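Comments concern the structure below.
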Amino acid sequence: MESSALLAGAAMRRITPQLDARPVFLAGFQNNRRATAVDTDLYARALALRLDERIAVIVACDLIGLDRSDVLDVRAALAAHGIDPSGLVVACTHTHSGPDTLGLWGPDRYISGVDPLYLSAVKQAIVEVAMEALTFCCPARMRCAMTRLPGYIANFRDPRIVDDEVAALQFVKLDGEVIATLLNLACHPEVLDGDSTLISADYAGYACREVETRVGGVALHVSGALGGMLSPNTHDRTPAWAERMGRAYADAALAALEASAVIDADRLEVRRTEFDLPLVNPLLLMAQQMGVLRVRQPVNGAITTSCTFIDLGAAQIITVPGELLPRLGFAIKAAMPGPCKILVGLADDEIGYILPDDEFVPPADYLNPGRQYEESMSLGPTTGSRILAAAQGLIGDQP
C-alpha cells in the first residue's frame, strides 16, 4: 500500500464544568436553570489535517455556542505558539444541557450566565487539543459516506421540511487503525429539555461515545442546518432516549462508512471569507447594551463574521456562523460537488438563527415573539441571503 500524502491526527479534552463552586447556568431554554448533576461529560474534540504546508483543524465543542471573539482569542494563542491559525475551525454542537457560554441564560434575562473563568479554561482546552492533534498527525487514508436517519428528527417551525441526512468522514492509519470519525447531522441536541438540570452532550455525545467504543479513535459531531427548529422527534425527554438516538445515529454512520472504500486523500484546500452582516435586531442590541451579550462593535450597523470551505476532493466541508434553516442548508449543499457534503453550523461564531429572506417576518414584540421566535433571535432580515452568497462564493471559487 502506497503512503498517502495526507496526514491526520486527533485529540480530546474534557470540558465539563465543576459543580462544587460557582453555579452553572444551563443554556438553551429558560433563565436560571442551574445544573445539579452530570449525565455525560462534555468534550472539546479535534481533528487535524496536514498536506505539505497546508493545515486544517476542526475542533468540536459540546457547548451551546462561542462568540467570534472567543475564536479570535484561540487563533491568537495558536499563533503565539508558532502555529498558523488560518485553517482553524471551532464549532459547537449546540447542546442545550451545557453551560451558558453566550450570556443569555443567566439568573434572569438581565444578567449574563457566562462564567469567565470557565470560558477561559475552555479556550485554553481548545488551544491544547488543536496543538496535540497537530503534533500527532500521521499518514492517513479516508472513507466518506452519506446516509439518512429517518424518524428521529422533526421540524417544529415547518413540519414539511426535514433534513435527516447523515454525512460521515473517517481517517485511518495506513494499517487500518481509526484516527478520527467526523459525524454530521442537522438536529438540535435537546432530547433533554428545559425541565432537565443535568449536564449532558445529549444524543451527540452518546453517538461519539458509541463510535469511539466500537471503532476507536476520536469521534466528533458537528451540527448541520438545524435551525427552524429541527429537533429530536420524541416526547421522551430522558437520557435513555438521548442514548437511543445517539446509538441510532452512530449505527447509521458506521454502516455507511463500512460499505465505503478506503481512498487516498491527496487534496487539502482551505478558504475563508470574512464579511459584514447588518445587526438590526433590537433585542440583541439591548442585550449588548446591558452586558448580557458581549459587544460586537458594529461598524456602520454591521458586525463581521466568516465562513470556511475545506476541500478534500471526495469530501467538502463548508461552515456557517450560526443556526441555518434547512432550506438554506439544502441550497448550500446543492452547490457542493460531493460526493460527501458536510455543512457545519455554529462554526467560529454564534449569530443566532439564519432564515431565508422571504421567510423573515419581524416580530411585533421581540420580547414575546410567538411564532416568530427564530426571527427574534436573528440578526436581521437579510442575514440568510448574505450568508448563502458567501458560502456559495467560497464553494465556487477556484484556488
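The values are calculated or read from the model by the stated rules, or taken from the named source; none is laboratory data. All of these numbers come straight from a predicted model, not from anything done at the bench. All Cβ positions, glycine included, derive from the backbone under ideal geometry; neighbour counts span all protein chains shown. The accessibility values were calculated without ligands, DNA or RNA, using every heavy atom of the protein model including side chains. Shrake-Rupley method; radii C 1.70, N 1.55, O 1.52, S 1.80 Å.
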* Consider D39 carefully, then state whether it is in contact (Cβ under 8 Å) with a residue 12 or more places away in the chain, closer than 12 Å to C92 by Cα and open to solvent by 10 Å² or more (accessible area, probe 1.4 Å). => no
* Selection status of I179, β-branched (V, I, T), touching a Phe, Trp or Tyr at 6+ places or on another chain (Cβ under 6 Å) and open to solvent by 10 Å² or more (accessible area, probe 1.4 Å) -> yes
* Residues of the range 338-352 satisfying the condition of being farther than 14 Å from Q392 by Cβ, open to solvent by 20 Å² or more (accessible area, probe 1.4 Å) and out of contact with any Leu (no Cβ under 8 Å at 6 or more places or on another chain) -> P339
* Asked: In the list A219, A250, A225, which residue meets the criterion of being under 27 Å from Q30 (Cα atoms) and in contact (Cβ under 8 Å) with a residue 12 or more places away in the chain?
  -> A225
* Considering every residue within the range 146-154, establish whether at least one is closer than 30 Å to R22 by Cα and open to solvent by less than 40 Å² (accessible area, probe 1.4 Å). => no
* Structure fact -> Only one of A79, A48, A91 is surrounded by fewer than 23 Cβ atoms within 10 Å (Cβ to Cβ) and small (G, A, S), namely A79
* Structure fact -> Those residues of the range 185-200 which are in a strand (DSSP E or B) and either free of Cβ contacts under 8 Å to residues at least 40 places away in the same chain or open to solvent by 10 Å² or more (accessible area, probe 1.4 Å) (or both) amount to L198
* To do: Need at least 2 residues that are open to solvent by 40 Å² or more (accessible area, probe 1.4 Å) per element, so show me which strands (runs of 3 or more DSSP E) inside the range 231-337 make the cut, counting only ones lying wholly within it.
  => 269-278
* For the range 211-220, does any single residue satisfy the condition of being part of a helix (DSSP H, G or I), surrounded by 18 or more Cβ atoms within 10 Å (Cβ to Cβ) and of a type in the set (V, I, T)? -> yes
* Asked: Of all residues in the range 55-72, which are touching a helix residue (DSSP H, G or I) at 6+ places or on another chain (Cβ under 9 Å) and either assigned to a loop (DSSP other than H, G, I, E, B) or among the hydroxyl-bearing types (S, T, Y) (or both)?
  -> D62, L63, L66
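Each row is one residue, and each column tells you yes or no for (1) on the phi > 0 side of the Ramachandran plot; (2) among the β-branched types (V, I, T).
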{"residue": "L293", "(1), (2)": "no, no"}
{"residue": "Q297", "(1), (2)": "yes, no"}
{"residue": "G313", "(1), (2)": "yes, no"}
{"residue": "I318", "(1), (2)": "no, yes"}
{"residue": "L325", "(1), (2)": "no, no"}
{"residue": "L328", "(1), (2)": "no, no"}
* Out of P99, P85, report the one residue that is crowded, with 24+ Cβ neighbours inside 10 Å and either touching a helix residue (DSSP H, G or I) at 6+ places or on another chain (Cβ under 7 Å) or farther than 17 Å from R271 by Cα (or both). => P99
* To do: Name, by its number, the condition in (1) open to solvent by less than 10 Å² (accessible area, probe 1.4 Å); (2) in contact (Cβ under 8 Å) with a residue 24 or more places away in the chain that does not hold for E375.
  => (2)
* Inside the range 73-170, counting only strands (runs of 3 or more DSSP E) that do not spill past its ends, which hold 2 or more residues that are hydrophobic (A, V, I, L, M, F, W, C), touching an Asp or Glu at 6+ places or on another chain (Cβ under 9 Å) and at pLDDT 95 or above? -> 88-92, 138-148
* To do: Test L355 against the criterion of being crowded, with 22+ Cβ neighbours inside 10 Å, out of contact with any helix residue (DSSP H, G or I) (no Cβ under 9 Å at 6 or more places or on another chain), among the aliphatic types (A, V, I, L, M) and modelled with pLDDT of 95 or more, and give yes or no.
  => no
